[in-house]
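Following: one structure in structure tokens, then a few remarks.
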Amino acid sequence: MNRIKGDASLSEVHESVDISKKAMGWKRVFAFFGPAYLVSVGYMDPGNWATDLAGGSRFGYSLIWVLLMSNLMALLLQTLSARLGIVRGRDLAQANRETYPRPVNFLLYILAEIAIAATDLAEVLGMAIGINLLTGLPLIWGVSITVLDTFLLLFLQRLGIRKMEAFIIALVAIVGLSFLVEIIIAKPAFGEIATGLVPTLPNEQALYIAIGIIGATVMPHNLYLHSALVQTRKIAKTKEGIKQALKWSFIDSAIALNVAFLVNAAILVLAATTFFKKGMVEVAEIKEAHQLLSGLLGSSVAPVLFAVALIAAGQSSTVTGTLAGQIVMEGYLRLRINPWMRRMITRLLAIVPAILVIAIAGEKEVDALLVLSQVILSLQLGFAIIPLIHFVSDKKTMGSFAIKPIVQIAAWIVTATLVYLNLRMLINEVSSFFAGPTNILWNILIITSGAVFLGLLAYIIFYPIFSKSKNASIQMHPHVDGLQKLNIPTYKKIAVALDFGEHDDQLLAHAIGQGKGNAEYLLIHVVESASARLLGRESDDYETRHDEARLQMYVQQLQEQGLTATSQLGFRNRAEEIVRIIKESKADMLVIGAHRHSGIKDWLYGETINSVRHELKIPILVVNL
């Protein structure tokens, strides 16, 4: 775990796609596309399937308009999120950290992490159900093996943001094509589907399903995610450049979210055509829907496609959920941990409750757990949307790119609607709990939590309005009068981290070049033998003696060339020892070699450079070997 020194969101891919180098035309347009597709998978994840299936099986096509309305709400909010990232160069977590007091930010961070864990829980269950439907593997084993996608994410991150976007788009295409084929097999009446675009609610139960559809649509982690992903594009920091980026980002969002709308509509239409039309109005569980598809459609392909789409939806969503977790942790806490560790922690937080529920209550409670994950998500939604609207409305930080009053009104109406619907869903859940016999301590805990929840919600609404001081964001073009007087540094002691490979001479040559022969050179090597790890400085095994002799040989050769050189061995942890020795010796520069490991090799061999550079304040020269 390292404390972040810079401000870039998703720094490893920040501005990695250079739009400015693309010639005008389709290549430049396509270079903008990508971020919204990573966001869109959250709108078609397994958590949305249950509400779509319930709406279609119970009320036919009559709730399609609800899907369309929720899609328009999502488009508005995701566009605002992208605007924040493009104009201010801040993701939502960073903007919150700059605006709200530290205790409030900590609470917002905890809520965001809980929401991401709940999202991952839905993906785990969805993938496990899909694997079960496709292979017959018990759910508890399906849940367990989903931990393996940790390595898939690590691999994708090493390939770069464009490869990751291509992978996600491929999974989205699998989901879309699967349901397209299913719709063709089901042969719905398209004239009747059109009637579903007319707003109508058959009864109170339809209202509850509509609330569920809207409540499950906009996910808080997507707002954090989108504000960071748009910053992977390097744009011209001019008024025209920002306008162009906003324009194409909106088009990207419109296309991606309409794909998500079509997928959700396809699930609802499939349920309406297959179940509602045949009088089966109580089909709301994913497994039950899968089991009935083959018999009702007369095709063995339909249930297979259904399961494949479910796995693809779960896998794509889990990748983006982990990215959102990284954004939240780095933005609020300015802490970074290795991607595989971050992924493993998030996945275990999802797997453990899933395994416990399946082991104790059985597979029949999985759908209830899926619903619970959506209720948890609804708790956090207001805490992401409300600050976002404040930020993009602020002319002090957004300048001429602050949203217009009409857009502000629309955004606040959407926010009020979503918060109300989610609170109503939450109250319904809590009311059912109080309806039965309960413990007084539980009652006190729930009431206290509710009061804190509402108090925090009110605080984030009014604090930015009444706060007298707001931190300004990064200026696009800070005013400068030209370069100031340049102070050329000279280095008195240069440390060189050696691994005793075939490129030691290159490292030493670069170090001598930096010191121009006038500096003192400190040669460092860390012994990592079993004895050294156990005994530290007391180690006296063959490797320790051999490494000490080799260091002395290098020192002697440098001294023979008229250079001042010393050496020091470290033991146990490579990165920690390099940092310790440099701090104790007060070296003012470090030269270190990079062997360009990738993927799993970084996990196996460690990421020394990243760990070292976050702990030292001196210049570091990284030599690619």
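Throughout, read-outs are computed from the coordinates displayed, never taken from laboratory work. Not measured: the values here are computed from a predicted model. Note: ideal-geometry Cβ built from the backbone for every residue, glycine included; neighbour counts use all protein chains shown.
For labels at ILE444 and LEU177 in the simple 7 Å Cα→Cβ model, what's the distance in nm? Once both label points are built, they end up 6.0 nm from each other.
Within the shell defined by Cβ-Cβ distances under 12 Å, the residues around ALA186 carry a net charge of +2, with Lys and Arg each +1 and Asp and Glu each -1.
For segment 501-516 versus segment 217-239, the spacing of their alpha-carbon centroids is 41 Å. Start at zero, step by 5 Å, and the Cα-Cα distances of segment 42-90 spread as 5, 18, 19, 20, 14, 9, 8, 5, 3, 0 percent across the bins. Residues whose amide H comes within less than 5 Å of that of SER567, counting only those at least five positions distant or on another chain, are LEU523 (H built at 1.01 Å from N in the peptide plane).
Measuring against 30 Å, Cα to Cα, the residue pairs LYS516/LYS583; LYS234/LYS395; LYS395/LYS485 contain LYS395/LYS485 as the ones spanning a longer distance.
The fewest-to-most ranking of TYR491, TYR208, TYR542, TYR521 by surrounding Cβ atoms within 10 Å reads TYR542, TYR208, TYR491, TYR521.
According to the Kirkwood expression over distinct Cα-Cα pairs, how big is the hydrodynamic radius of segment 493-624, in Å? Before the final figure, lay out the partial values.
On the way: mean 1/r = 0.0663 Å⁻¹.
It is 15.1 Å.
Summary of the geometry: segment 183-204 and segment 68-145, compared by the centres of their Cα atoms, lie 30 Å apart.
Take TYR43, TYR109, TYR420 and order them by how many other Cβ atoms sit within 10 Å, fewest up front. Write out the running numbers ahead of the final one.
On the way: TYR43 26, TYR109 18, TYR420 12.
With the sparsest Cβ surroundings first, the list reads TYR420, TYR109, TYR43.
The radius of gyration of the Cα set in segment 66-114, together with its Dmax, comes out at 13.6, 38 angstrom. Across segment 514-526, coupling constants 3J(HN,Hα) worked out from phi with the 6.51/-1.76/1.60 Karplus curve, θ = phi - 60°, read 6, x, 6, x, 9, 8, 8, 10, 9, 8, 10, 9, 10 Hz, and Gly and Pro carry x. When you work out D = kT/(6 pi eta Rh) for segment 160-282 at 37 °C and 0.692 mPa s, using the Kirkwood radius from C-alpha pairs as Rh and the Stokes-Einstein form, the result is 187 µm²/s. Backbone amide hydrogens, once placed in the peptide plane, bring VAL591 within less than 5 Å of ALA495, VAL496, ALA497, LEU621, excluding anything fewer than 5 places away on its chain.
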